Each structure stands twice: as C-alpha cells, then as structure tokens.
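Only one structure is covered here, and it is reproduced in the block below.
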Amino acid sequence: MDNGRVKNIVIVGGGTAGWMSAAALSKLMPKGQGNVTLVESEEIGTVGVGEATIPQIATFNERLGINEDDFIRETQATFKLGIEFVDWAKKGDRYFHPFGTHGFDLEGIEFHHYWNKLREQGDNRNIEDYSINAAAAYNDKFIRPQSEHGPIINKLGYAFHFDAILYAKFLRKFSEGNGARRIEGKVEKVNLRNDNGFIESITLADGQVLEADLFIDCTGFRGLLIEEALQTGYIDWSEYLPVDSAVAIPCEKIGEPIPYTRSTAREAGWQWRIPLQHRTGNGYVYCSQYQSKEEAEKTLLSNLDGKPLASPKHLRFKTGRRKKFWSKNCVAIGLSAGFMEPLESTSIHLIQSGISKLIALFPDKSMNPVERDEYNRLLEVGYAHIRDFLILHYTLTERDDSAFWNYVRTMSIPDSLKRKMALIESRGRFFKYDDELFNVTSWMAVAIGQGYTPKGYNPMVDSLSEENITQSLRNIRAAIDKAVEAMPTQQAFIDRFCKAQDVYTAAGENI
Amino acid sequence: MNQLRRIIIIGDSIEAWLPAAYLRARLPSDDYQITLIETAENSIANNGDILARPTSKNLHHTIETAEHELGSKAKARPALCAAITNDKGATINLPFGNYGVDREGTEFQHLWKFSGSEKPLSEFNLALVMHKASLFIPEAPKGAPAYDYGYILDEQGYKNILKSKANAKHIMADTLSVKHGVHGIDEIICNDISHCADLYIDARNIDYETAWQNNHLKIIGGFDAFDHQSGMRLHRIQMAMERLFKLWPDREFAAIEIAEYNRLEAAQSVHMKDMNLLLQQNVQGCSDALTRKIKLFESRGRIAIEDFEIYSKAEWIAALSAMGIVAQNYDRLAHRIDAIALAQWVEQLHAAIANVVKQLSDRKTRKH
C-alpha cells in the first residue's frame with residue numbers, strides 16, 4: 001500500500017509544452033496506477049509557430065519510443081544542422097553556429113586553439129571551414145550518421161525544424177494511446193486548499209471540477225496556476241534581453257528547404273526563418289521600445305521568401321523566469337516557467353529539461369520540499385546558463401546603426417558571463433558546467449563569429465610543429481569535403497526516408 | 001618570447017614525480033626544462049601501497065604507461081573499490097561500479113527498495129561482491145552490473161616508473177629555502193645554489209587558501225588521511241595537471257586564468273572534503289551541497305549531482321549508507337514495472353551475480 005502516491009496529474013494547457021508533458025508522463029507513469037488528464041480549449045490559441053530545436057530533442061523522442069521518421073513525416077519536419085546568423089556582428093556579416101564540433105581535438109587540446117594559432121600566422125580560413133555541419137548545411141546536404149559512416153560523418157549533429165501545432169497533434173495521439181485523457185474546456189477557477197495553499201482542483205467553465213495530486217501549468221506566459229493562483233513571482237531579465245514582442249507568419253516555400261535556421265538581425269531585433277517540408281516559418285522578434293507593432297509587421301512582411309500563408313500573429317512577452325518553477329503541488333513547464341527568446345532554439349529544450357527533471361525527482365503527495373528545492377535549483381542554473389549564452393550574441397555586436405543595437409552593445413551583463421567572456425578572450429579557455437547546455441563549439445562559434453576571437457591560444461599547441469598542425473587541419477578539411485560530397489541532398493534524404501504527405505491534401509487546415 | 005620554458009617541481013615521491021612525468025609527456029622535451037627538487041619536507045609519502053582510481057587509466061595513457069608495466073614494476077593489483085577504514089574502525093568500501101542494473105530509466109536502488117528484497121543492496125554491486133571475495137575479472141559479464149577498476153600500486157615501484165618517464169633534471173635537497181617576491185617565487189636556494197624558473201609547482205603538503213598565485217602553483221594542501229585510502233592522493237594531482245594543461249599559462253600569468261583554476265580547484269575540494277566528512281561519519285560543518293545530498297538521499301534514495309563532481313553516484317550511495325542514512329522511500333516511477341515481475345528479476349540478478357562469483361571462485365580453486 002502506498003497512500004502517498006501521486007495518482008492523478010492534471011496538465012492545464014495543450015500546445016507543445018502540454019502535450020510533451022502528457023506524452024512523457026503517460027508513457028512513464030506506472031500503468032494502471034495513475035491518470036494523466038490534459039485540459040485545453042480550442043478557443044485559446046497556442047503560441048506554436050514553426051519550431052526549431054537542438055539535438056537533445058532526439059533523446060526525448062527516443063525515450064518515448066518515437067520513431068524518428070514517423071515524427072518527421074507527421075510534423076512536416078526538416079533537418080537542422082545549425083543556425084546561420086546574418087548581420088549580427090555588423091551589416092553584411094554572417095556566421096554559422098553548427099551542431100557537432102569544429103574539427104577534432106588534437107593531443108588532448110581543443111581544436112580551436114590550433115585554428116587560432118594558424119590564424120595568428122596568417123591563415124585566413126574561417127573556423128566553420130572545419131565544421132562538417134556548416135559544410136553540409138551550405139551545400140543543402142544531409143545524412144543521418146550511422147556507426148559505419150566513420151569519424152567525420154559521426155561528428156554531424158542534427159536537430160529538426162517542425163510545425164509545433166502538428167507536433168502537439170502528434171504527441172496528443174501518442175499520449176491518448178498511452179491512456180492520457182483530454183478534456184476540452186476553459187479553466188474558470190483554481191481552487192486552493194485552506195490548510196496549505198496547495199491546488200486542490202480546477203473548475204472548468206462548464207462546471208466540471210478536476211482534482212489532482214499534481215498540476216502541471218502549461219498555460220503559457222499567463223501562468224494561470226503558477227502565477228495567477230500561487231503568485232510565485234517572476235524574475236525579469238529584460239535589462240539583458242530587451243526584446244519583448246514578436247510577429248510570426250508562415251509563407252510559401254521557395255525551392256527545397258535548407259537544413260538550417262537563419263537568424264537575421266534587423267533594426268530592433270532579429271528575424272527567424274525556419275524551413276519546413278510544406279512551408280517556411282518566419283518571425284520577427286523585436287523590442288517594442290524601439291519599434292512599433294506596425295513597423296515590425298512591415299519589416300517582417302517585406303523580408304519573406306514567398307507569399308504569406310496566413311495573417312501575422314503578434315505576441316508579447318517578458319524575458320525572465322518564475323522565481324520558482326515548482327511551487328506547492330504545481331510545476332510550470334514551458335512558457336509558464338519562463339521565457340527566453342528563440343534565438344538559439346531553446347524553448348523545446350527547456351520544456352524537455354523541465355519534464356526530465358520532474359521525472360527524475362518525481363514526488364509523492366506530500367511534495368517533499370527537498371525534491372522541490374532541488375528541481376528549482378537545477379532549473380535556475382539551466383536557465384541562467386542559457387540566458388548568458390543569449391546575451392553573448394547581443395553584447396558582442398559591433399552594430400551602431402539603431403538605438404536598439406546601441407543599447408544591447410553597451411548594456412551591462414551578468415558577472416557570470418563577464419568571467420566566461422574574459423576566459424574566451426584571453427586564450428579561448430572554456431569550462432563547461434555539468435548542467436550547462438551549450439558546449440565549447442557553441443561558445444566559440446558565436447564568439448569568433450562575432451569577431452571576439454581569442455587573443456591567444458593554449459601555449460601547449462606549440463608542442464606540435466606548425467607543419468604538423470597545418471597538415472592535420474588540411475586533412476580535416478579534405479575529409480569534410482569528401483564526406484559532404486558523398487552525402488545526399490536533404491531533400492533527397494527526406495524523399496527517401498521521411499517525406500510528409502502533400503500538405504494541401506493532408507494538412508491544409510494547418511496553414 | 002613570453003613562453004614559459006623552465007619549470008621547477010618541489011616535493012617528494014609521486015606528488016613530485018607525477019607532475020614531472022605528465023608535463024614531460026605533454027611538452028616537447030627540446031623546448032621545456034623540467035627540474036625536480038626532491039625534498040622530504042612536508043612529504044606525504046608512505047612507501048606502502050597507493051590506490052590509483054579507474055580514472056588513472058587516462059593518466060597512464062598520457063604518460064604511455066601500459067598495464068603490464070604497472071604490473072611488473074609497481075606490483076599493480078586490480079582494485080574494484082576504495083577500501084576506507086575510519087577513525088572509528090569502521091570499514092567503508094566505495095565501489096568503482098554500479099549498484100545493480102537500471103531499468104527503464106529508473107536507477108537500481110529504487111527498484112531494489114520497491115522490490116522489497118531482503119538481500120542487502122551491496123550484494124547487487126558486483127565490484128563490491130568481487131572485492132569481498134578477492135576475485136577479479138576485467139569486465140563485467142553481459143547483463144551484470146557494470147564496473148571499472150583501478151590499481152593498488154607499490155608506491156616506490158610506481159615512483160620509479162614516473163621517474164623514468166619524467167626524464168627531469170633531479171636535485172636531492174639537503175637544504176631548501178624558497179625566496180618569495182612580489183611576483184611569486186623569485187628563486188629557490190637548494191644546497192646553497194640558486195635555482196630559478198618560470199613556473200614553480202609546489203607538491204609539498206602545505207595548507208593553502210589559494211592554490212595558484214602568480215608563478216607558484218600548489219597542488220597538495222590540506223592532505224587528509226582518507227586521501228590515501230580513497231585514491232585522492234593520486235587523483236588530485238592528476239586533476240591539477242589536467243586543469244593546468246587546459247589553462248597552460250605564459251609568463252604573464254593572466255589573472256583571469258589563474259582565478260579560473262582556483263575556482264575549479266575550490267569546487268572540487270568541496271566535494272573531496274564532503275566525502276571525507278562522510279567517511280569520518282561526522283558531517284558537522286559540511287557544505288550546502290552535502291546537506292542537499294543527504295536530504296535528497298534520505299527522502300527517496302536520490303543522489304544530487306553538482307558541478308565538477310569527483311565521486312560517482314555509487315560511491316556516494318556507499319558513503320551515505322555507511323553513515324547510517326537510509327532512504328525513506330524510493331522513486332515512484334519504479335512502479336512502472338510489475339511488482340511481482342520486478343521482485344523475480346531482482347532475485348534473478350542476485351543469483352546471476354552469485355553465479356559469476358561462484359564460477360570465478362571455482363576457477364581460482366582449480367588454478368590453485
């Protein structure tokens with residue numbers, strides 16, 4: 001007997017966060033011993049636009065037993081090898097943040113030190129010339145790495161671009177197949193217990209009352225449970241990341257989809273371009289202090305590849321996080337937990353991270369504060385690491401052509417980031433913390449890409465002769481070229497393994 | 001040229017010879033001069049056995065020392081755990097292998113607790129079971145709990161190996177005096193002769209607050225008796241060298257890099273101290289991190305992992321359990337597995353481990 005066991009979980013809100021939570025919990029909850037119920041209303045729209053992800057999503061899908069090709073077909077997904085940043089350092093500039101790695105470490109020393117040594121001696125090759133991801137991306141190539149492919153192709157890291165609404169639908173089917181129940185309805189009231197302030201139940205507009213042991217708040221920015229009911233509080237990071245608005249619109253795709261996301265800096269923010277199989281997702285994230293809604297919409301519409309397929313959708317947000325992600329018997333997952341602009345495609349990862357930590361620290365009805373505190377501590381650390389990495393993109397800009405860029409270029413930054421940047425600047429040193437999402441490749445790609453090239457390199461690099469280093473780097477480039485040459489195009493790969501149905505006959509209503 | 005070229009290492013036994021061997025392997029011998037001033041001052045050498053944790057395999061790979069060389073010259077014997085005896089006479093074995101086998105993303109200790117097995121958790125740790133029975137095979141059979149192994153080495157023999165790898169200029173110090181200046185160490189007077197270097201690696205056991213200042217890097221301080229038994233004696237030098245290598249300086253000794261070294265060193269020291277407090281079974285004054293670890297373990301047998309951990313989850317479980325801290329409950333997700341089937345599986349795993357041990361014992365008996 002175990003009377004303290006969490007048996008009933010209610011997830012409030014559908015969308016990506018809600019259905020990812022439902023999928024994971026319905027799959028992982030002991031069969032027949034727990035109920036997962038998701039409440040959502042078709043009247044309330046979801047934020048979901050085109051979503052770009054990072055490679056960690058494969059772990060989530062794998063853990064759920066989701067077949068990758070099925071997932072790609074069902075969500076009109078394409079492969080993503082990294083992000084191209086255009087006009088970030090200065091107008092006319094571009095760089096690529098690849099998944100995977102730059103080159104290979106040699107003699108136990110990270111690759112970028114060798115690259116930097118040759119650069120100091122006049123070699124003007126870009127560090128991304130040593131990334132198989134960048135080379136494949138710019139040649140529209142893709143192959144799924146397999147063990148027999150050898151070391152070069154196995155350095156290829158990939159994620160996906162997908163239609164978030166289709167992903168939510170896909171996960172809904174998956175969750176319901178695993179016993180999750182969906183209730184259509186709007187929450188009218190959140191009922192708290194008098195004795196301890198826990199959420200006892202929610203009352204829906206039709207009068208239905210849903211009780212649960214654990215509530216998952218996936219209500220988006222609003223934070224219906226975590227904030228409106230439990231008043232957890234919010235930590236505002238907009239002094240570092242001042243964009244607070246977005247406008248999104250899908251457009252017709254022109255040609256074959258490219259296997260990377262593009263982020264183009266604009267006057268008061270940046271524009272994303274996410275290629276899917278059936279269309280292209282676009283959005284402009286901007287700071288309303290420097291640009292009006294109308295101007296932002298105009299900027300976006302004048303920078304589309306193809307004909308718009310819907311009306312522009314406007315969003316407002318405040319960058320930051322809840323003071324507590326888990327409060328009493330409520331865990332906030334997704335935008336209700338915090339918001340960070342999708343510059344590095346971390347939204348889905350933060351959902352995934354919240355779910356996996358909740359599962360690792362799964363509570364009983366008492367909601368032991370020890371586990372709750374640990375959950376909050378881990379998430380706080382994770383959010384702060386991502387925040388610092390995002391700020392890096394802004395603080396390193398040289399742009400001085402608008403008030404927005406002047407602000408971000410000169411703003412103060414957190415001490416944790418200052419320390420990291422100082423270490424990079426001196427000799428490209430980087431130490432990854434256990435719970436830190438972005439690795440040395442990511443930090444170097446953005447820092448070097450924006451002109452913050454380390455002033456020196458690890459002197460140990462001199463252990464290898466210059467000739468030896470030059471030859472090693474030449475070999476890496478040749479091996480990358482050869483590997484990319486042999487790869488199929490992304491479109492050919494998709495056509496062969498995971499082509500989605502024709503959108504106009506199968507999923508036309510999603511456009 | 002601003003490169004540092006001259007390195008002096010001060011100390012005794014492996015504390016001094018290991019950095020010398022490591023740097024010799026990493027640095028081109030033509031360009032770098034390594035001098036080792038051997039002094040028994042503040043030495044922690046005990047000329048007995050020394051434990052090399054499994055992570056030492058990376059180190060031995062770097063200094064090109066094969067297992068057979070450790071065997072022939074340092075009488076290497078495999079170690080499946082760190083066997084600690086504390087001041088109270090209690091023996092605590094920190095295993096180099098997992099407890100049981102995880103299933104469906106749930107760690108074994110939760111499955112074991114849910115199964116209600118009466119067999120002690122330690123009997124599901126193949127490394128511990130084999131250690132107790134004085135048995136060894138290098139790799140766990142398929143399906144059995146995984147483990148790694150380290151070595152118990154004869155200190156003198158090991159020191160000789162390191163010495164041969166170091167190829168350093170060696171000075172035995174009858175008298176030693178270290179002269180400090182504004183920029184760290186100015187010179188070392190050894191046997192009345194002055195020696196200067198760009199970097200001084202101090203491997204004497206001297207307490208310090210800051211490991212690295214200017215050209216003076218201290219790698220052994222606050223040595224605890226447990227460090228002998230837990231394998232930290234060797235491991236902390238290995239960590240110091242790996243950190244130094246990643247932050248290899250020039251003669252400017254950039255403050256930001258030294259600060260980073262010290263920050264990482266301090267973080268790791270906290271974990272070491274915490275483990276030593278647990279082994280001493282007196283956690284008064286422990287860090288917040290250990291308090292969190294204890295509370296989380298007590299609540300449901302979970303191990304919190306912090307940044308820059310040194311010990312594995314299994315070692316923390318062993319130390320916390322030895323301290324008498326019992327997990328009150330287990331991860332509820334263990335319930336995903338049918339209780340009867342789980343209980344059977346747990347018993348089968350126990351029997352499989354016992355079978356491995358029996359087969360090894362029989363083989364050992366036949367050999368004899």
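The values are calculated or read from the model by the stated rules, or taken from the named source; none is laboratory data. Remember, it's a predicted structure, so these values are computed and weren't measured experimentally. Cβ atoms come from the backbone with ideal geometry, glycine included; neighbour counts cover every protein chain shown.
I'd like the residue in the range B:331-368 that is touching a strand residue (DSSP E or B) at 6+ places or on another chain (Cβ under 9 Å) and in a loop (DSSP other than H, G, I, E, B) and, out of all such residues, is nearest to A:N8 (Cα to Cα).
Filtering the range B:331-368 for residues that are touching a strand residue (DSSP E or B) at 6+ places or on another chain (Cβ under 9 Å) and in a loop (DSSP other than H, G, I, E, B), the one nearest to A:N8 (Cα to Cα) comes out as B:D331.
Report whether or not B:R24 is within 17 Å of B:Y158 (Cα to Cα), crowded, with 20+ Cβ neighbours inside 10 Å and of a type outside the set (V, I, T).
So B:R24 does not fit the description; no.
Among the residues of the range A:447-464, write down those that are part of a helix (DSSP H, G or I), within 14 Å of chain B (Cβ to nearest Cβ) and not small (G, A, S). Give the derivation first.
Residues of the range A:447-464 that are part of a helix (DSSP H, G or I), as a first pass: A:447-449, A:459-463.
Then drop every residue that is not within 14 Å of chain B (Cβ to nearest Cβ), which leaves A:459-463.
If the condition is that a residue be part of a helix (DSSP H, G or I), within 14 Å of chain B (Cβ to nearest Cβ) and not small (G, A, S), then A:P459, A:M460, A:V461, A:D462 are the ones that fit.
Of the residues that make up the range A:251-268, is at least one basic (K, R), outside any helix (DSSP H, G or I) and at pLDDT below 95?
If we filter the range A:251-268 for residues that are basic (K, R), which is where we start, we get A:253, A:262, A:266.
Narrowing the set further to residues that are outside any helix (DSSP H, G or I) leaves A:253, A:262, A:266.
From what's left, at pLDDT below 95: A:253.
Yes, the range A:251-268 has at least one match.
Tally up the residues in the range A:388-440 that are of a type outside the set (A, V, I, L, M, F, W, C), farther than 24 Å from A:R119 by Cβ, within 22 Å of the chain's Cα centre (by Cα) and not in a helix (DSSP H, G or I), please. Working first, answer last.
Kept after step one, since they are of a type outside the set (A, V, I, L, M, F, W, C), are these residues of the range A:388-440: A:388, A:393-395, A:397-402, A:406-407, A:409-410, A:412, A:414-416, A:418-420, A:425-429, A:432-436, A:439.
From what's left, farther than 24 Å from A:R119 by Cβ: A:388, A:394, A:400-402, A:406-407, A:409-410, A:412, A:414-416, A:418-419, A:433-436.
Okay, now just the ones that are also within 22 Å of the chain's Cα centre (by Cα), so A:388, A:394, A:414, A:416, A:433-436.
If we keep only those that are not in a helix (DSSP H, G or I) as well, we get A:414, A:433-436.
Residues meeting the conditions: 5.
Please determine whether any residue of the range A:82-97 is surrounded by fewer than 21 Cβ atoms within 10 Å (Cβ to Cβ), outside any loop (DSSP other than H, G, I, E, B) and without any contact (Cβ under 8 Å) to a residue 60 or more places away in the chain.
Yes, because at least one residue in the range A:82-97 is surrounded by fewer than 21 Cβ atoms within 10 Å (Cβ to Cβ), outside any loop (DSSP other than H, G, I, E, B) and without any contact (Cβ under 8 Å) to a residue 60 or more places away in the chain.
Got a sec? Which of A:S147, A:S201 is more than 26 Å from the chain's Cα centre (by Cα), farther than 27 Å from A:M367 by Cα and of a type in the set (S, T, Y)?
Sole residue among the options that is more than 26 Å from the chain's Cα centre (by Cα), farther than 27 Å from A:M367 by Cα and of a type in the set (S, T, Y): A:S147.
Please verify whether A:D70 is more than 14 Å from every other protein chain (Cβ to nearest Cβ), more than 26 Å from A:I226 (Cβ to Cβ) and more than 20 Å from the chain's Cα centre (by Cα), treating the condition exactly as stated.
Yes; evaluated as a whole, the condition is true for this residue.
Considering only residues that are in contact (Cβ under 8 Å) with a residue 40 or more places away in the chain and under 17 Å from A:G428 (Cα atoms), which ones fall in the range B:254-263? Lay out the reasoning, then the answer.
In the first step, residues of the range B:254-263 are kept if they are in contact (Cβ under 8 Å) with a residue 40 or more places away in the chain; the result is B:258, B:261-262.
Once the filter is applied, which keeps residues that are in contact (Cβ under 8 Å) with a residue 40 or more places away in the chain and under 17 Å from A:G428 (Cα atoms), the range B:254-263 yields B:I258, B:Y261.
Kindly indicate whether any position in the range B:190-205 is closer than 30 Å to B:G150 by Cα, away from chain A (no Cβ under 14 Å), assigned to a loop (DSSP other than H, G, I, E, B) and among the polar types (S, T, N, Q).
Within the range B:190-205, one or more residues are closer than 30 Å to B:G150 by Cα, away from chain A (no Cβ under 14 Å), assigned to a loop (DSSP other than H, G, I, E, B) and among the polar types (S, T, N, Q).
Say whether the condition of being under 26 Å from the mean Cα position of the chain (by Cα) and either of a type in the set (S, T, Y) or surrounded by 14 or more Cβ atoms within 10 Å (Cβ to Cβ) (or both) is met by at least one residue in the range A:453-469. Walk me through it before giving the result.
Keep residues of the range A:453-469 that are under 26 Å from the mean Cα position of the chain (by Cα), which gives A:453.
Checking the rest, the ones that are also either of a type in the set (S, T, Y) or surrounded by 14 or more Cβ atoms within 10 Å (Cβ to Cβ) (or both) come to A:453.
Yes, the range A:453-469 has at least one match.
State the number of residues belonging to the range A:330-364 that are more than 14 Å from chain B (Cβ to nearest Cβ), farther than 19 Å from A:G14 by Cβ and part of a loop (DSSP other than H, G, I, E, B).
Summing the residues that are more than 14 Å from chain B (Cβ to nearest Cβ), farther than 19 Å from A:G14 by Cβ and part of a loop (DSSP other than H, G, I, E, B) in the range A:330-364 gives 4.
Condition check: within 24 Å of the chain's Cα centre (by Cα) and assigned to a helix (DSSP H, G or I). Does A:M444 satisfy that?
On the way: within 24 Å of the chain's Cα centre (by Cα): yes; assigned to a helix (DSSP H, G or I): yes.
For A:M444, the condition - within 24 Å of the chain's Cα centre (by Cα) and assigned to a helix (DSSP H, G or I) - is met.
If you take the residues of the range B:255-298 that are under 16 Å from the mean Cα position of the chain (by Cα) and not hydrophobic (A, V, I, L, M, F, W, C), which of them is farthest from the other protein chains (Cβ to nearest Cβ)?
By that ranking, first place goes to B:N276.
State whether the residues of the range A:402-423 include one that is at pLDDT below 95, touching a strand residue (DSSP E or B) at 6+ places or on another chain (Cβ under 9 Å) and outside the structural domain of A:Y260 (by TED's automatic domain parsing).
No, there is no match, as no residue in the range A:402-423 is at pLDDT below 95, touching a strand residue (DSSP E or B) at 6+ places or on another chain (Cβ under 9 Å) and outside the structural domain of A:Y260 (by TED's automatic domain parsing).
Check every one of the strands (runs of 3 or more DSSP E) wholly within the range A:175-221 and list those with 2 or more residues that are over 30 Å from A:F60 (Cβ atoms) and touching a strand residue (DSSP E or B) at 6+ places or on another chain (Cβ under 9 Å).
Those strands (runs of 3 or more DSSP E) span A:187-192, A:199-204.
Check whether at least one residue in the range B:299-308 is away from chain A (no Cβ under 11 Å), within 29 Å of the chain's Cα centre (by Cα) and touching a residue at least 12 places away in the same chain (Cβ under 8 Å), and report yes or no.
So far as the range B:299-308 goes, yes, one or more of its residues are away from chain A (no Cβ under 11 Å), within 29 Å of the chain's Cα centre (by Cα) and touching a residue at least 12 places away in the same chain (Cβ under 8 Å).
For A:D236, all conditions in the list (1) farther than 28 Å from A:E371 by Cα; (2) within 27 Å of the chain's Cα centre (by Cα) hold save one; what is the number of the exception?
Single failed check for A:D236: (1).
Output the residue which, of all residues in the range B:1-24 that are within 14 Å of chain A (Cβ to nearest Cβ) and in a helix (DSSP H, G or I), is nearest to B:L234 (Cα to Cα).
Top of the filtered list is B:Y22.
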